[in-house]
Structures are given as C-alpha cells and as structure tokens.
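Here's the structure we're looking at; comments come further down.
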Amino acid sequence: MTYRVVHGAVDVDGVDPRLAALIQACVAGEPGARPSPAEIIARCAVTSALVDDPVYRALVGTDGSAQPPLGYVPTLVPGAGTPPAAPHRSRAKLYLGAGAVAVALGVIAALTVQELDGGDEDKNRGNVAASPRPSLTSAPAASAPGPASGAEPAFIEATNPNRDYWAPADGGGGACGLPAEERAGRADLQAAIVSDEDPSAQRMSGKVKISFRFKYADPDLGRPYYVSVAVKPPHEIDSKTGKPYAGLVQQNLGLGYTSKPVDLLKPDTPSFGAPYVDLTYPDDFQQVVMGKPVGSAIPVGNDPGNWTVLFYHVKSPKEYASIDCRGFVAR
C-alpha cells in the first residue's frame, strides 16, 4: 500500500468532475504542482467558516454557541460569492464518507509506520524470511509454465511491493531470503555478475556486467520464453537526487530498474550451450511506472550496500514470476 500511495494513481471514478480535478491536483507527484491551502479554499468556493456549517455541527455535536478551538483558521474566502449548487447527498452518506476517509488514513499511517519502524536491515530481513511470500504477480504456478501470451513484452513494472533481498554469505557467494516463484525445469539458468571494468573485483563501483543463459533448452518449456532482469538498490531512491531519501532510510519495495525482456528459447537456440545474453547496468536498465519510463538507472555507487538481481520469466508487463535471485555488494 505504501508503494501504491507513492507511485499509483488515485481512483476518482464517480466523483464530481470539479472535485475529482481538485483531488488529483492535491496528490500530484511533484510538490510544487499541488495547490496551496488558500488555492484549495478558493477552488471550493467556500463562503462560510466550517463551524457555521450545519452538517459539521451535527457531526461533531456542537450547537450554535460553540466557539472555534484555539488556533482555528477560518476557511472563509472574502468575496468568494455563492458556491455552485452541488448534487444532494444524504447526511448519512456524508457521515459514512468522513468515517471511511478517517479509516483509510489510519490504515495508511499504520502501514507506513510499520514499514519505517526498525531500520536495521538484518532485523527486517529476518521478518521477511519468516513471513509467507506474497503473491507478487498473476503469473501461473510452476507446474504450468506456458508460452508467453500476446505480443512481445517490451518491459515489466511493479504490481505489488517486492520483498526479495540478497545478502552476501560468509566466505563468498550469497543468497536471497525468498525462494523463486517458478522453476525453470531442466533448463538450468547460468548467470554471472561482475564488474565491467575489473571482473575480479569483489565490490562494484562502476558499471556491472550481467550475463545469463539456459544451459539446456528444455523441450518442456513453452516458447518463446522471455526473461527480464531487475536490479534493485538496497533502499528507496529519490528520483530528484538519484540517491536514498535524505533522513529516511527505507528498504526498497519496488523492482528497482529492469531490462527489456529477451527470448532465451528462440527457434534456433541450440539444445545445449546456448550463447549468453550480456547486459550492462546501468546502461540497459530503466524504471517503468504505469507503462511509462520514469527514470534512468542510477550508478551503483549512489547507494552502497547489498544490491539484488532478480531474473523473471515474463508473459506480459504485469505477468511474470521470479526464476532466480542473485546479488552483489556496491561500494
């Protein structure tokens, strides 16, 4: 829910067009595009203080002699004129609307606090590993891998929070806290993640080369078989700075930056020893939200720590399942 609050769109279907436009303006992604309180009051054509509204007074149980609380700021706009007539709605519906908004805000606040509470990565990783895996996509179960449907997918985008995190192991290597969502049969995925400048480097600082292939072209796998790679920084990234949010260290709940899906089982793919697909991070990666690119991939040095690399079997931009998880340490 936190991810959707930040990146999603507000559903205003059925809302009066004038009110819908105001709501959409208030939740604009860019803070500078949002109206000020005075602009909101003016657009609502308010002609009286809230404490003078009979519906509000009945809702809070005040009478005509009630005085505004200390610090109350009147919402009256001098000279605003008479507000346009609005469709009649029963008081009961108004009460329900106010209650629903309060409940929704409380849920969002609770979830946000829950996500932000406890910044220790090891603690968070332990909680994630102990929890059942959420359904990240609508991809079918591993027992029913089928060919990609429809046109060739050009990208993938996050549909739900993603809690796949990689951590290095003592003595080398590493592992992710969650298992793959789908097995790729006998077509073993081989992958290598190395520094593009120094393949022997243990920590990445520049460009990263990601190579992968299926060692065996399993005839039981559906064709075509598209694979996209997602590279996740350890923390949520501020799109304005390309670095973690200042003063707020939040684990990355998105897909990070993803590559264009590639078909690993083309008709001419040999049954054994297919050629590797080589990708370079950040050059071949981008972030996609609501079907549109929203930012280029950041340098790995912008967010030192444990980066996660996920390999996805893709059927459509919003239908995919993880088949492998790796990672690297950035400095």
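Structure data summary
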read-out	value
Selection from region 275-326 of residues that are within 18 Å of Ile237 (Cα to Cα), among the small types (Gly, Ala, Ser) and assigned to a strand (DSSP E or B)	Gly295, Ser296, Gly305
Residues located in region 204-223, provided they are surrounded by fewer than 20 Cβ atoms within 10 Å (Cβ to Cβ) and modelled with pLDDT of 95 or more	Lys207, Lys209, Ser211
Hits in region 186-201 (condition: surrounded by fewer than 16 Cβ atoms within 10 Å (Cβ to Cβ) and at pLDDT below 90)	Arg186, Asp188
Helices (runs of 4 or more DSSP H) contained entirely in region 1-114, each with at least 3 residues that are at negative phi and at pLDDT 85 or above	17-26, 37-43
Strands (runs of 3 or more DSSP E) completely within region 166-253 that count 2 or more residues being of a type in the set (S, T, N, Q) and under 22 Å from Ala154 (Cα atoms)	none
Scope region 288-314; condition in contact with a strand residue (DSSP E or B) (Cβ under 8 Å, 6 or more places away or on another chain), buried (at least 16 other Cβ atoms within 10 Å of the Cβ) and modelled with pLDDT under 95; matching residues	Val288
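The values are calculated or read from the model by the stated rules, or taken from the named source; none is laboratory data. Please read these numbers as outputs of a predicted model, since none were measured by experiment. As a convention, Cβ positions derive from the backbone with ideal geometry for all residues, glycine included, and neighbour counts pool all protein chains shown.
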